[in-house]
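The values are calculated or read from the model by the stated rules, or taken from the named source; none is laboratory data. Note that this is a predicted model, so its numbers are computed, not measured. Methodologically, a virtual Cβ is constructed for each residue, glycine included, from the backbone with ideal geometry; neighbour enumeration extends over all protein chains shown. Note: areas computed on protein heavy atoms with side chains; ligands, DNA, RNA excluded. Shrake-Rupley method; radii C 1.70, N 1.55, O 1.52, S 1.80 Å.
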Amino acid sequence: MDGEEHSRFRRMLTAEFMIKNIRRIEPLIEETVVQALERMREIGPPADLMNEFALPVPSMTICHLLGVPYSDHDFFQDHSRVIMDRNSGPEETQAALGALAGLLGDLIKFKRATPEDDLLSRLVVERVDTGQLREDELVSLAMLLLVAGHETTANMIGLSALALLEHPGQLDALRADPSLAPGLVEELLRYITVVRTGLPRLAMEDAEIGGQQIKAGEGVVAMLSMANRDHSVFEDPDGFDPKRREAHRHMAFGFGLHQCIGQPLARAELRVALVELARRFPDLRSELKLADVPQRPMAVTFGVAELPVTW
């Protein structure tokens with residue numbers, strides 16, 4: 001969506017994801033991270049860091065924020081994977097969308113009868129019941145937040161852990177000084193960039209980009225991952241440098257009116273997850289070399305299928 005229709009929906013969610021509100025729930029994020037790490041420790045080495053840690057942390061967090069019972073996380077996680085997999089056929093994707101919509105529709109009806117302190121309840125009471133939002137629109141919004149709120153961050157946590165295992169000196173530095181985490185997170189967002197499919201856009205007027213003439217009405221695909229390796233913006237863009245001053249200029253969350261509304265939450269989850277991982281597993285190491293880690297090349301957001309680790 002563009003224009004006023006886009007702004008209308010976005011305004012309903014902006015306050016929920018403001019930095020001050022994310023700081024308020026940081027204790028919840030820390031508790032979620034610690035619980036996941038302790039479960040991984042109980043499993044004992046070797047363990048799959050992706051499925052035992054990287055996936056549960058954002059799943060539990062977004063479930064709590066929305067008011068979705070975590071007991072349903074396997075259901076929405078499985079269907080989200082289908083939706084985000086470019087190998088999925090149209091019928092399979094539509095079936096997954098329908099199943100998620102059905103679950104969320106039932107949950108919204110429950111929230112109307114018994115509202116709680118969560119985002120879905122607030123939207124039902126403040127927006128749907130006041131006629132500002134249709135129930136089917138809320139289902140779509142909830143589905144977007146549920147899928148985007150765990151799939152992207154889960155992949156970033158897993159790939160960030162892998163990057164640090166490939167650069168153990170940086171993992172040691174983070175362990176010794178957790179205040180390095182914010183800068184490290186920005187560089188990881190630039191260096192990894194999980195959105196690999198590109199953003200399709202339509203040129204509204206004639207333009208020239210990088211010597212390429214683009215006419216009004218022509219379609220373009222904006223590759224965020226390529227923007228984040230732009231030599232004119234980043235020195236040695238293919239290198240990994242957590243002390244990079246210009247790392248914050250990355251495009252991992254998009255740009256302008258359509259940039260990711262959940263980026264404060266994603267940053268907080270990444271920061272807490274990596275600090276606690278470094279602190280609680282000082283001798284963490286990967287069971288596989290980078291080239292051997294199973295990847296998910298056909299997913300809309302790039303990630304690894306599993307990440308075997310030991311300690």
Checklist outcome for this item: Going through (1) modelled with pLDDT under 90; (2) open to solvent by less than 40 Å² (accessible area, probe 1.4 Å) one by one, SER71 fails only at (2)
Item to check | Yes/no for MET50 being closer than 30 Å to GLN295 by Cβ, within 16 Å of the chain's Cα centre (by Cα) and either open to solvent by less than 40 Å² (accessible area, probe 1.4 Å) or without any contact (Cβ under 8 Å) to a residue 60 or more places away in the chain (or both) | outcome: yes
Checklist entry - Is it fair to say ILE19 is in contact (Cβ under 8 Å) with a residue 40 or more places away in the chain and exposed (fewer than 14 other Cβ atoms within 10 Å of the Cβ)? => result yes
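Please go through segment 227-276 and pick out each residue that is among the aliphatic types (A, V, I, L, M), surrounded by 14 or more Cβ atoms within 10 Å (Cβ to Cβ) and not in a loop (DSSP other than H, G, I, E, B).
Residues of segment 227-276 that are among the aliphatic types (A, V, I, L, M), as a first pass: 227, 233, 247, 251-252, 257, 261, 265-266, 268, 270, 272-275.
If we keep only those that are surrounded by 14 or more Cβ atoms within 10 Å (Cβ to Cβ) as well, we get 227, 233, 247, 251-252, 261, 265-266, 268, 270, 272-275.
Listed by number, the residues that qualify are ALA227, ALA247, LEU265, ALA266, ALA268, LEU270, VAL272, ALA273, LEU274, VAL275.
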Checklist outcome for this item: Selection from segment 277-292 of residues surrounded by 13 or more Cβ atoms within 10 Å (Cβ to Cβ) and modelled with pLDDT under 85 yields GLU287, LEU288
Item to check | Where a residue in segment 184-200 is within 15 Å of ARG271 (Cα to Cα) and modelled with pLDDT of 95 or more and its partner, wherever it lies, is assigned to a helix (DSSP H, G or I) and open to solvent by less than 20 Å² (accessible area, probe 1.4 Å), with Cβ under 6 Å and at least six apart | outcome: VAL185/LEU270; GLU186/ALA247; GLU187/ALA247; LEU188/SER160; ARG190/ALA247
Checklist outcome for this item: Matching residues in segment 22-47 (open to solvent by less than 60 Å² (accessible area, probe 1.4 Å) and outside any helix (DSSP H, G or I)) number 3
Checklist entry - Consider LEU188 against the criteria (1) surrounded by fewer than 18 Cβ atoms within 10 Å (Cβ to Cβ); (2) within 30 Å of GLU30 (Cβ to Cβ): it satisfies all of them except one. Which criterion is unmet? => result (1)
Checklist entry - Within segment 8-16, is even one residue surrounded by fewer than 13 Cβ atoms within 10 Å (Cβ to Cβ), without any contact (Cβ under 8 Å) to a residue 40 or more places away in the chain and among the aliphatic types (A, V, I, L, M)? => result yes
